[in-house]
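Enquirer: Quick one: structure below, then a few questions.
The values are calculated or read from the model by the stated rules, or taken from the named source; none is laboratory data. All values derive from a computational prediction rather than experimental measurement. Reconstructed Cβ throughout: ideal geometry from the backbone, glycine too, with neighbour counts over all protein chains shown. For the accessible areas, the whole protein counts, side chains as well, though only heavy atoms, and no ligand, DNA or RNA atoms are used. Shrake-Rupley method; radii C 1.70, N 1.55, O 1.52, S 1.80 Å.
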Amino acid sequence: MPRINSPAELEALREKILSERDPNRTCITLCSGSACHASASREVAASIQEEIQKHSLENTVDFRRTGCHGFCERGPIIVIRPQDICYFQIKPEDVPEIISETIMGNRVIERLLYSDPATNEKIISESEIPFYKNQGRIVFGSNVYVDPKNIEDYLAIGGYSALSKALSAMTPEDVLQEVKKANLRGRGGGGFPAGIKWEGSRNAPSDEKYVIVNADEGDPGAYMDRSLLEGNPHSVLEGLTLGAFAIGAHEGYIYVRQEYPLAVENVNTAIRQAEEYGFLGKNIFGSGYDFVVKVHKGAGAFVCGESTALMTALEGRAGEPRPKYIRSNVVGLWGKPSVLNNVETWANVPLIIQNGADWFTQYGTETSKGTKIFSLVGKITNTGLVEVPMGTTLRDIIYKIGGGIPGGKKFKAVQTGGPSGGCIPEDKLDLPVGFDELTKAGSMMGSGGMIIMDEDTCMVDVARYFLEFLTDESCGKCVPCREGMRQMLKILTNITQGKGKEGDIELLQQLSETAQEAALCALGKSSPNPFLSTLQYFRDEYEAHVRDKRCPALSCKELISFYIDPAKCQACTTCFKKCPSNAIIGGKNLVHIVDQEKCTKCGTCFEVCPTRFRAVTKISGEPVPAPIPEEARIIVRKKKEK
């Protein structure tokens, strides 16, 4: 491909690409992100290609493997355009029917459509499915149109127009001021205004400056950055180049974790293509501006998501944070001014430059502008990636998009902000999502993890779980984090095991205050958040664990017992056969008993007991009824004899 040397040449190329694409021609798009790969997306793709060739449809049907569509639990997903027919959970064996019935016969296959759980209505169009309909996907929405390995798909939707505009009609100061005016805040966790960060680097006295993409996404259950980098890497590259131009940098890095092989593959492909077309490298668009990008694969340490630790790792040393006496945008990578933003932040930049700050600020709240991508997981009907305007309430995200809590269970809390975030209870569901609003509620935005919990979740154990994760991921450089978290974890573990004692809660509060004040980096300072937020809203659960040795959620293994109600047991022998520890005493026509000494509290008996009987119950904080006498155990047989 000849190099593009001017904005006019770019527009000519775009027109050529669009002229060769018939908008009325059938196109099959298949989600090919990591989540769908785990559900046999590759095999589905191979089957589609085989069927297209088999029926000689190469000249009438296009096939595009795109990035993540977002509705991950329903993958692999196929969308057939321009009809906008959406099929879910496709298997390779479904493909021949899709080709013969829908592509060739113009008939919809109902069993593959989305079925609304509330109405059982079959919905054909992707845009009408509640999960998608209630979002506002200005950043993530392009994923469904772009093959990440084909730069022409990105150009067809306006890609690199913002860079062309900036290098031909704007100064670096103009780009900077537009980002400042948009009040784009970092989507990586801190929410610091990107324009102000950039300005600090631009004004720093140095001839060498760097821009960095933080793709070291380590929060449990979060995969927003991975999916964006996998599905639309050119949007990130374009944003990064715009940022580099604004601050005067000529070298950029993408720090991506080793565990993201598809993201690494796609972004390397995108860099090669951008260099071939002249969007990276020397004299971009004939402007005289030079910029190169390198990919660095990180080892996966959670602490490397912290800016100074990431830069230390980029320098080839152990990823450990350092004191921020001078911020890294002034003294960062190799002691030079360095702007670090996460994947989602950079992907917003081309939209701002192309459409203007006024367009961007129409979305969001007074202090949190634009949209935010969340990873919606946990005890929720619809799991996946969602993008909503800032200011959308938690209730709308959980119920309108997420479909509410499955199994008739009651909502209990939503954990936002990753392991260092906090848990927000039901009475705050109408809280608008924004950086400041979540912070005031005792949580934070973080990178966008959103874990939903139902009534069966023990909030004390939730705090213990996240402290365990953070303790494992601590780099150990400072005492408040290394030792403080270890002690907090020990106390929380004791509490969940029924070994808590008076004063434990107060001691946890003291350790939390010390970590918040004295820890070296953001990981250590925010590590007490899981405990503090759960204590704030669920203190009664902590007190029940410590004082009554009781778990109100019937979740903590050491504090519960399983008991078979003799009035309900029908001696079906299901639990007797399934118990892995042979703790069920019983037999045909005999009411069963749980041998408490043998019981490992695995819960198998509770899970397998037929719902029509519900004879097995969980109890906590109260003595288990004494085993029933032998004469009572023949009750089932006597009932049958009558």
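Enquirer: Please list, ordered by residue number, the helices (runs of 4 or more DSSP H) wholly in region 406-512 having 1 or more residues that are at pLDDT 95 or above, open to solvent by less than 10 Å² (accessible area, probe 1.4 Å) and out of contact with any strand residue (DSSP E or B) (no Cβ under 7 Å at 6 or more places or on another chain).
Expert: 459-473, 479-496
Enquirer: Any chance you could count how many residues in region 542-571 are surrounded by 23 or more Cβ atoms within 10 Å (Cβ to Cβ) and either charged (D, E, K, R) or within 16 Å of Ile505 (Cα to Cα) (or both)?
Expert: Count: 2.
Enquirer: State which residue is modelled with the highest pLDDT when the search covers only region 295-335 and only residues that are more than 25 Å from Asn268 (Cα to Cα) and touching a Lys or Arg at 6+ places or on another chain (Cβ under 6 Å).
Expert: Here the answer is Asn329.
Enquirer: Which of the residues spanning region 515-526 are part of a helix (DSSP H, G or I) and either surrounded by fewer than 19 Cβ atoms within 10 Å (Cβ to Cβ) or not polar (S, T, N, Q) (or both)?
Expert: Answer for region 515-526, where residues must be part of a helix (DSSP H, G or I) and either surrounded by fewer than 19 Cβ atoms within 10 Å (Cβ to Cβ) or not polar (S, T, N, Q) (or both): Ala515, Gln516, Glu517, Ala518, Ala522, Leu523, Gly524, Lys525.
Enquirer: Here's a follow-up. Looking only at region 570-597, count how many residues are closer than 19 Å to Pro625 by Cα, β-branched (Val, Ile, Thr) and touching a Pro at 6+ places or on another chain (Cβ under 9 Å).
Expert: Of the residues in region 570-597, 4 are closer than 19 Å to Pro625 by Cα, β-branched (Val, Ile, Thr) and touching a Pro at 6+ places or on another chain (Cβ under 9 Å).
Enquirer: If you take the residues in region 158-180 that are surrounded by 17 or more Cβ atoms within 10 Å (Cβ to Cβ) and part of a loop (DSSP other than H, G, I, E, B), which one is farthest from the chain's Cα centre (by Cα)?
Expert: Met170
Enquirer: Applying the selection to region 135-144, what residues are crowded, with 19+ Cβ neighbours inside 10 Å and part of a helix (DSSP H, G or I)?
Expert: Ser142, Asn143, Val144
Enquirer: Among the residues of region 18-30, is any under 24 Å from Leu163 (Cβ atoms) and free of Cβ contacts under 8 Å to residues at least 12 places away in the same chain?
Expert: Yes, region 18-30 has at least one match.
Enquirer: So, one more: What's the total number of residues in region 80-99 that are among the hydrophobic types (A, V, I, L, M, F, W, C) and within 17 Å of Ser32 (Cα to Cα)?
Expert: Within region 80-99, residues that are among the hydrophobic types (A, V, I, L, M, F, W, C) and within 17 Å of Ser32 (Cα to Cα) number 5.
Enquirer: All but one of (1) in contact with a helix residue (DSSP H, G or I) (Cβ under 7 Å, 6 or more places away or on another chain); (2) open to solvent by 50 Å² or more (accessible area, probe 1.4 Å) hold for Ile326; which doesn't?
Expert: Unmet for Ile326, out of (1) in contact with a helix residue (DSSP H, G or I) (Cβ under 7 Å, 6 or more places away or on another chain); (2) open to solvent by 50 Å² or more (accessible area, probe 1.4 Å): (1).
Enquirer: Related question: Only one of (1) open to solvent by less than 30 Å² (accessible area, probe 1.4 Å); (2) under 30 Å from Thr308 (Cβ atoms); (3) modelled with pLDDT of 95 or more is not met by Leu155, so which one is it?
Expert: The single condition Leu155 does not satisfy is (2).
Enquirer: What residue, among those in region 1-25 that are among the basic types (Lys, Arg) and open to solvent by 80 Å² or more (accessible area, probe 1.4 Å), is nearest to Ile284 (Cα to Cα)?
Expert: Filtering first and then ranking leaves Arg3.
Enquirer: While we're here: Mind checking which pairs have a first residue in region 279-303 that is within 18 Å of Ala318 (Cα to Cα) and outside any loop (DSSP other than H, G, I, E, B) and a second that is open to solvent by less than 20 Å² (accessible area, probe 1.4 Å) and charged (D, E, K, R), Cβ under 7 Å, 6 or more apart or different chains?
Expert: From region 279-303, the pairs are Gly298/Asp216.
Results for (1) assigned to a loop (DSSP other than H, G, I, E, B); (2) at pLDDT 65 or above, shown as yes or no for each residue.
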residue: Cys599; (1), (2): yes, yes
residue: Cys602; (1), (2): yes, yes
residue: Glu607; (1), (2): no, yes
residue: Arg612; (1), (2): yes, yes
residue: Ile619; (1), (2): no, yes
residue: Ile628; (1), (2): yes, yes
residue: Ile635; (1), (2): no, no
residue: Lys638; (1), (2): no, no
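Enquirer: Being buried (at least 24 other Cβ atoms within 10 Å of the Cβ), closer than 28 Å to His250 by Cβ and aromatic (Phe, Trp, Tyr), is that true of even one residue in region 342-350?
Expert: Yes, that holds for at least one residue.
Enquirer: Right, next: Within the set of pairs 6+ apart or on separate chains, which have a first residue in region 422-434 that is over 13 Å from Gln536 (Cα atoms), a second that is open to solvent by 70 Å² or more (accessible area, probe 1.4 Å), and C-beta atoms under 6 Å apart?
Expert: Leu429/Arg395; Asp430/Arg395
Enquirer: If you take just the helices (runs of 4 or more DSSP H) that sit entirely in region 185-260, which of them hold at least 1 residues that are more than 17 Å from the chain's Cα centre (by Cα) and at pLDDT 95 or above?
Expert: Counting at least 1 such residues, we get 194-203, 233-247.
Enquirer: Within the group Ile380, Ile353, which residue is surrounded by 24 or more Cβ atoms within 10 Å (Cβ to Cβ) and in a loop (DSSP other than H, G, I, E, B)?
Expert: Ile380
Enquirer: Quick check on region 274-296: of everything there that is within 22 Å of Glu152 (Cβ to Cβ) and touching a Ser or Thr at 6+ places or on another chain (Cβ under 9 Å), which residue is surrounded by the most Cβ atoms within 10 Å (Cβ to Cβ)?
Expert: Across region 274-296, the extreme among qualifying residues is Phe279.
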